[in-house]
Amino acid sequence: MAKQKASYFCNDCGTVAHKWSGQCGECGAWNSLSEAVAEKNGAGSRYSGYTGSAAHNVVALLSDVVLEAESRTKTGIHELDRVLGGGLTAGSVVLIGGDPGIGKSTLLTQTVAVLSEHHKALYVTGEESLQQVSMRASRLKASADKVKCLAETSVERIIAVADKEKPDVMVIDSIQTVYTDALSSAPGSVTQVRECAAQLTQFAKKTQTALFLVGHVTKEGAIAGPRVLEHIVDTVLYFEGDTSSRFRIIRAIKNRFGAVNEIGVFAMTDSGLREVNNPSAIFLSRHESPVAGSIIMVTREGSRPLLIEAQALVDDSQMSNPKRVTLGLEQNRLSMLLAVLHRHAGVAMVNQDVYVNVVGGVRVTETAADLAVLLSVLSSFRDKPLPNDLIAFGEIGLAGEVRPVPDGLERIKEASKHGFKKAIVPKANIPKETAIDGMQIIPVQRLHEAIDYIQNS
Ligand code: TYD
Ligand code: MG
């Protein structure tokens, strides 16, 4: 294909410039200009993503639009169906991101193997050879005899093959290895990734092919060309979890067909990923005897409660600017909580380093973790272990109040099921009618009430 005349666009604000420069003249972002290709014969912006066919360009009343039944295909892997919002939608584009080696190719090989029983599946590999893909499939004992595989990196050729094969499901592993001849930049660059994803998305929408794009995560934790790709696709799933732990979590960051923040949990085994259907206690590690700085919190990631250990270490700081380090939690949230602790409970940690870790590599996004985090920090600071059978949850406000969280009863019940006997919970979350057998509820309205309780327990 002939080279097109290059122009440049800003990755942040989308402004088009005719010359490259270090700073975007419009929004002032540095180093955000990337090469784009001039429109071909006035064919419309190549970067607008899916625009639909011209025949649909009519104004209509929303109430007059005939809704077609959404066709969902169960992938047969329940945890994946759950994060997809109940199955795979025809014509949908799903981006799967995660660290190298976390299991993206494994999951998709398993998925297409199951789907290929009743649907046509095409696995496009740009990273591995056909032998490697086949070896993985046989290791997974996946019934891969109906999965068609293509080793190709040119997006034009991939689309040409897909046009002929007419798959129901197509996997591109990975989008960073695919390139288009129309651009001179290297495969994997933001422009290439964006252009190829846009072309593949248009193909998927036109032919109602369900498309999975595998995306690598950069060191900063974002899929290359993050903003652009997230705009273009329907669903973004991220792999979370430590590669050192055998558990893998997939979280929906964006989903046009379901709830966000829903998680699917898997365990990596010798023969691929195995689903964990009841994950509430997998991250639960109990200590033989109580240790200072540890507490179990009940968070609710997606639609299921999870019991997770939060660990804190508070130590004399050698620095003028003490450290606030979090793993699996937002760091700013910790700083905020420490300020509340100082202001409303009179506990100052100005010359202390504070480390908080959520055990198991889970990322906790909920503010319901606040109370447990502060109690673990305090427990380490005072070197006073918390009771082994205690759980806590609750959001902490800047005024030192403990705010209720959604689904309090369900959280308490889950903790009770796993043998916990005491729960510090926001007052508004006390179960109204039902007392939970063997569970002592300690309702708190203010942070200092929770602190008083653990001091006297
Ligand atoms: P892979 O799916 O290739 O990762 P990605 O595509 O995200 O880079 O997974 C690779 C890792 O998973 C590798 O370290 C080996 C491990 N693995 C197993 O433990 N069991 C298996 O059955 C398979 C296929 C891989
Ligand atoms: Mg891979």
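Remark on GLY98: its backbone amide H falls under 5 Å from those of GLY215, VAL217, PHE239, a criterion applied only to residues 5 or more positions apart or on other chains, H modelled at 1.01 Å from N. Amide H contacts of LEU273 (H built 1.01 Å from N, in plane; Pro and chain starts excluded): no residue 5 or more places away or on another chain comes under 5 Å. Both the radius of gyration and Dmax for the range 282-456 are 15.0, 52 Å, in that order, over alpha-carbon atoms. Here ASP316 sits with roughly 90 square angstrom of accessible surface, probe radius 1.4 Å. The dipole here belongs to the chain: it is taken about the Cα centre, uses +1 on the Cβ of Lys and Arg and -1 on the Cβ of Asp and Glu, and is about 320 debye.
Restricting the range 276-381 to GluC sites (Glu not before Pro) that sit in a DSSP loop and have at most 16 other Cβ atoms within 10 Å of their own Cβ leaves GLU288, GLU330. Annotation: peptides 94-106, 150-162, ranked by per-residue average of other Cβ atoms within 10 Å with the highest first, follow the order 94-106, 150-162.
Ordering TYR355, VAL193, ILE454 by the projection of their Cα atoms onto the charge dipole of the chain, which places +1 on the Cβ of Lys and Arg and -1 on the Cβ of Asp and Glu, puts VAL193 at the extreme positive end.
Rounded to whole numbers, the Karplus 3J(HN,Hα) couplings from phi for the range 121-129 are 10, 10, 10, 9, 10, x, 9, 10, 7 Hz, using 6.51 cos²θ - 1.76 cosθ + 1.60 with θ = phi - 60°, and x at Gly and Pro. Output the 0 to 90 degree angle, nearest 10, between the alpha-carbon long axis of helix 155-165 and the longest principal axis computed from the alpha carbons of the chain. Once rounded, one gets 80 degrees. Here's how it looks for CYS149: its modeled amide H is under 5 Å from those of TYR123, which are all 5 or more places away or on a different chain. Atom-type composition of the exposed protein surface of the chain places 51 percent of the accessible area on carbon and sulfur (1.4 angstrom probe). Pairs over the 26 Å Cα-Cα cut-off, from the set LYS104/LYS205; LYS254/LYS323; LYS141/LYS205; LYS74/LYS104; LYS148/LYS205: LYS254/LYS323; LYS141/LYS205.
For the range 367-424 versus the range 97-162, the inter-centroid distance based on Cα atoms is 44 Å. Partners of LYS413 within straight-line reach, counting lysines whose Cα lies under 22 Å from its Cα and excluding those fewer than 8 residues away in the same chain: LYS421, LYS422, LYS427, LYS432. Size of the chain from its Cα atoms: along the principal axes, largest to smallest, the extents are 77, 53, 51 Å. In plain terms, if you count all Cα to Cα distances in the range 72-277 and split them into 5 Å steps from zero, the share in each step is 1, 8, 17, 22, 23, 18, 9, 2, 0, 0 percent.
Counting only protein heavy atoms and a 1.4 Å probe, the chain has 47 square angstrom of accessible area per residue.
In this Cβ point-charge picture (+1 for Lys and Arg, -1 for Asp and Glu), the range 332-385 has a dipole of about 60 debye about its Cα centre.
The values are calculated or read from the model by the stated rules, or taken from the named source; none is laboratory data. Model, not experiment: these values are computed from the prediction. When we count neighbours, we look across all protein chains shown, and the Cβ atoms used for this are built from the backbone with ideal geometry, even at glycine. To get the accessible areas, we keep the full protein, side chains included, count just its heavy atoms, and leave off ligands, DNA and RNA. Shrake-Rupley method; radii C 1.70, N 1.55, O 1.52, S 1.80 Å.
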